[in-house]
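Since the structure comes first, as structure tokens, the remarks are kept for the end.
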Amino acid sequence: MTLPYPFAVQSVVTLALLGAPMSALGQSYAVWRMLALAGLCGACLIAVTFVPARRLPRWGQVGFLLGQVALTALAQALVPAPLLDYVYLALVLQAIALFPPWLWISFAAGVYAIWSGMLLVVTANLMDWLQGNLALAFPATCAIIAAIFYLRQQRRSEQVQHMLQQVQQRYDALTAGMREVQQRMMLEERHRLAQTIIGEVQAALTRTEQSVTAALAQAQSNLSRLEAAVSQTRAAAASAVERLRGTVATLRQGADESPADVPPLATVLPSEEPVIATPLNRVLTWVLPAVFLVLTISSAALQRPLDAGAFGMLLVWVAVLLLAYVTTQRIDQPLLIQVGLAAQSVAILALAQLAHTLTPLLGLLLVLWQVAVRLPSRQIVLHLVGLVLGITVLAAYWGPERFDHNALLIGTVTAVAVGGPLLLARRQLERRKQAELRLALLNAEVEQQMDEVRMLAVAAERTRLAREVHDDLGSRLVLVHLHLQLAEDLAAEDAEAALEQVRESREQLHLAWRSMLAVADAELPVRGAELRRALEELAAGAVGPPRVTLILDGELEGLPDALACTVYRTVQEGLTNARKHSRASRVEARVVSLGGYITVTVTNDDTGEGEEPARRPGESFGLVGLRERAEALNGGMEAGPLPGGGWRLRVVLPTEGV
């Protein structure tokens with residue numbers, strides 16, 4: 001069951017409500033009053049245990065606490081049990097857990113006014129009223145301050161735990177949705193490249209098209225100037241081809257610009273702070289003992305007049321307490337701290353013996369405060385055992401007439417109200433430090449994963465773009481260059497034929513534009529159902545030489561799109577290499593789909609007299625991209641010269657499991 005309040009506050013409230021009826025035992029009150037007290041405390045306990053106060057609206061929380069105040073005041077009017085004072089304190093602790101400072105301080109002031117007024121009515125004695133205030137002042141101050149520190153540590157721990165859950169969820173989502181994250185980053189990189197590198201290639205295409213258009217305009221007005229115009233246009237096309245090769249090299253080797261940074265996660269470094277911040281701890285170091293000593297001396301003076309000798313001994317033990325306290329605050333060695341705390345405990349027990357009152361024993365709360373904040377965990381138990389033994393000896397010496405069960409109940413409640421929140425605050429701090437360390441490690445791991453995914457996504461997108469730009473756009477620019485070269489050769493002999501070649505080059509440029517847009521949008525150049533027609537158009541559109549022969553065998557229409565695209569790019573790359581890097585007169589492209597595999601073979605009858613960069617590994621981006629395509633589909637590629645002369649490119653791809 002989820003507790004309505006934090007554990008420390010819930011424990012104090014429950015203990016006070018359970019102890020209040022027990023503290024009234026042995027007093028001469030009517031049975032019905034005792035039953036009414038038990039019933040009222042039981043009603044409050046049920047409400048505190050089962051009402052989800054932290055989920056109520058603000059007005060509901062105020063009304064809930066005011067109802068408890070009314071029940072407690074009624075119980076105090078019926079039976080003024082000693083532990084009812086701590087029920088009021090428990091109400092203040094609830095308010096601290098629920099309200100902002102301005103509201104709980106106002107509520108605490110109102111609760112004090114009700115408790116103090118009821119105490120004055122019940123005791124009907126100003127001296128008893130004053131002693132009651134003095135007896136409650138120090139433990140209430142310690143308990144409220146301890147609760148504030150505990151709740152602060154708990155809230156910060158909850159915040160860190162919430163951040164840890166968020167980062168854990170992000171890490172789990174990153175691990176589970178690696179594909180989606182990678183695709184998102186690929187889209188980001190695609191958009192960035194479309195604005196930079198693709199834009200430069202498009203600018204080169206624009207200049208080439210403008211040259212072609214200008215050449216056509218000049219040729220139509222003056223055919224004699226056709227040869228010069230075509231020569232200029234061919235130079236622009238050659239520049240575009242070189243720019244394209246530079247773009248592919250840039251993509252293959254890595255762009256100069258870095259991809260856009262992903263917003264970093266909120267970083268929380270492990271905290272080294274103590275349970276109580278150092279400046280505030282210094283203030284409390286002197287305020288708490290000062291409050292205790294003032295209350296002790298005042299309570300002793302009100303209890304009975306002290307003679308000069310007793311007052312002198314009281315001052316001596318006060319000095320011993322202060323000396324031990326100051327010395328303890330200035331040392332950090334755990335064993336010496338134990339000695340100092342033991343000396344303080346002895347001084348407080350001596351003060352209680354001299355004052356003949358239980359009030360000085362509340363000074364043990366000051367020792368308990370230091371134990372909870374400063375000692376290592378193992379030594380805390382040892383010192384608490386020593387405190388219990390000292391109180392037991394004093395109780396045996398005084399006897400039950402002064403050290404009755406009420407004193408035991410009050411001591412237990414005050415110890416839990418002060419020591420419990422401090423110990424739990426310390427535990428919360430340790431858990432928060434562990435959570436912050438785990439958060440920092442997990443944060444770093446998430447960032448590392450994100451960096452790796454980003455690098456893979458960027459590399460994949462650049463590789464894809466390099467392949468598509470080289471295979472499709474490069475092929476079309478080679479065709480443009482060949483058309484313009486043929487136009488330049490025909491310009492002097494047949495002007496009309498030369499013009500037709502220039503017009504064909506412009507059509508190829510328009511196709512290159514569309515290809516560039518498709519590459520930027522990551523569109524496949526051909527679908528499975530269109531493969532046969534696309535291959536036939538590719539072969540028919542080839543500008544000779546060389547002469548192209550296309551042989552298609554088997555079922556090609558049902559291939560997956562990715563497989564059809566690779567087949568198309570293989571034939572396209574083979575034809576482009578034959579035009580650019582060989583002196584072949586004939587090229588044969590054979591596509592065979594048989595036995596669960598599709599084999600693409602492009603062979604040319606190159607004489608070997610021309611320079612062929614494709615034969616030198618590492619210089620042909622087209623073959624590199626083609627090999628990547630084949631391996632991505634669990635296939636393979638081989639390319640090289642034939643023993644009897646010529647050049648062959650072969651790609652084998654499985655048609656199943658793609």
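A few notes on this one:
- The packing ranking, built from the mean of other Cβ atoms within 10 Å per residue, places the peptides 363-371, 68-76, 92-100 in the order 363-371, 92-100, 68-76, highest first.
- Our coupling estimate for region 69-79, obtained by passing each phi through the Karplus curve with A = 6.51, B = -1.76, C = 1.60 and θ = phi - 60°, is 4, 5, 5, 5, 5, 5, 5, 5, 5, 6, 9 Hz, Gly and Pro reported as x.
- Exposure proxy shown here: for Val339, Val567, the number of other Cβ atoms within 10 Å sets the order, fewest to most, as Val339, Val567.
- Peptides 13-19, 105-111, 583-589, ordered by how many other C-beta atoms sit within 10 Å of their residues on average, highest first, read 13-19, 583-589, 105-111.
- Ranked by how many other beta carbons lie within 10 Å on average, peptides 408-415, 575-582, 552-559 from highest: 575-582, 408-415, 552-559
- q = 0.12, 0.15 Å⁻¹: log10 I(q)/I(0) that the Debye formula gives for region 1-124, counting C-alpha atoms only: -0.42, -0.65
- Long-range amide H partners of Thr655 with built H, under 5 Å: Tyr597, Ile598
- Approximate spin-label separation Leu66-Ser106, in nm, with each point projected 7 Å along Cα-to-Cβ: 1.1
- Nearest-0.05 FRET efficiency for Ala173 and Arg438, computed from C-beta distance (R0 22 Å): 0.80
- Translational diffusion coefficient (Stokes-Einstein; Kirkwood radius from C-alpha pairs) of region 49-100 at 10 °C, 1.306 mPa s, in µm²/s: 136
- Descending principal axes extents, region 76-141, alpha-carbon based, whole Å: 36, 23, 16
- Neighbour counts of C-beta atoms inside 10 Å place Val548, Val31, Val12 in the sequence Val31, Val548, Val12, starting with the fewest.
- Segment Ile551-Ala113, length gained on full extension (0.36 nm per residue, minus Cα span): 147.4 nm
- Local net charge near Ala343, Cβ-Cβ under 15 Å (Lys/Arg +1, Asp/Glu -1): +2
- Using a simple spin-label model with pseudo-atoms 7 Å out from Cα toward Cβ, Ile331 and Leu35 lie 5.9 nm apart.
- Exposure proxy for Tyr88, Tyr112: other Cβ atoms within 10 Å of each Cβ, ordered fewest to most, give Tyr112, Tyr88.
- Estimated FRET transfer efficiency when R0 is 45 angstrom, pair Arg527-Thr49 (beta carbons, to 0.05): 0.10
- Rg/Rh for region 529-588, where both radii come from Cα atoms and Rh is the Kirkwood radius: 0.99
- Extending 7 Å from the Cα toward the beta-carbon at both Thr412 and Tyr597 defines two label points whose distance is 8.6 nm.
Taken together, the values in this text are just the output of simple stated rules run on the coordinates, not laboratory data. Since this is a predicted model, take the numbers as computed values, not measurements. Positions of Cβ are backbone-derived with ideal geometry, glycine not excepted, and every protein chain shown enters the neighbour counts.
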